[in-house]
Amino acid sequence: MIEAYLKAYFEDKLDVPVCLEKPDGLVRPFVLIDVTGVRKIGEGVYVATAALQSYSHSKYEAEQLNRAVMRAADELVERMEIGGASLDTYTPFNDLSRKMYRYQAVYIIVFYDNEGGT
C-alpha cells in the first residue's frame, strides 16, 4: 500500500506528525498525505499521484514545512521500491473551512509493488 509506505517514509524524514486522514484535534504543524490516484503501467509497476499537504500556524511556516516535504520527496528515489518521484505542482492551498494555513505539493511517483499497488 503506497499510502502506508509514504507515511512511514515521511515520518522518518520529518520532525512533525504525518497522517493519512485529517486528524481531529491535532495541533499544527503536521503533514497530510492524500494519494489521489494509482494506475498500473506494467507488471508490478504503478504510478501514483500524491498530494502532500503541509499544515502550520502561519502561511510562512506552512511554506517552510512544504519545502522540507519537497526535499524529502525528491529523495524518494533512494529507496528500492521507488522508481521515480517528480514534482507536478505546489501551491498555497489554505483550508478555509478550518481556517488553517496549508501548502500542497503534488508528486507523481513510480513504484514497484507485487501485491497490487494500493
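None of the figures in this text is laboratory data; all of them are computed from the coordinates on show. Computed from a prediction, not measured in an experiment: that's the story for all the values here. All Cβ positions, even for glycine, are placed from backbone atoms using ideal geometry, and neighbour counts span all protein chains on display.
Things to note:
- Whole-Hz couplings from phi, Karplus 6.51/-1.76/1.60, listed for region 46-53; x for Gly and Pro: 9, 10, 10, 9, 10, 9, 9, 9
- Within the chain, helix-based [θ] at 222 nm, where runs of 4 or more DSSP H residues each add -39,500 (n - 2.57), nearest 500: -7500 deg cm²/dmol
- Candidates per GluC sites (Glu not before Pro) in region 68-106, loop by DSSP, up to 14 other Cβ within 10 Å: 75, 81
- For region 2-112, the antiparallel share of DSSP beta bridges with both residues in that region comes to about 95%.
- Sequence-separation-based contact order of region 2-112, relative, with Cα cut under 8 Å and 6+ spacing, percent: 24
- Couplings 3J(HN,Hα) of region 75-84, computed from phi: 9, 3, 5, 6, 8, 4, 6, 9, x, x Hz, in residue order, whole Hz [Karplus 6.51 cos²θ - 1.76 cosθ + 1.60, θ = phi - 60°; x for Gly and Pro].
- For the chain, the longest principal axis of the C-alpha atoms and the axis of helix 59-74 are separated by about 10°.
- Put a dot 7 Å past the Cα of residue 8, heading toward its Cβ, do the same for residue 39, and the two dots end up 2.8 nm apart.
- Residue-span extension gain [residue 75 to residue 58] - 0.36 nm each, minus C-alpha spacing: 3.5 nm
- To the nearest ten degrees, helix 2-13 and the longest principal axis of the Cα atoms of the chain are 60 degrees apart.
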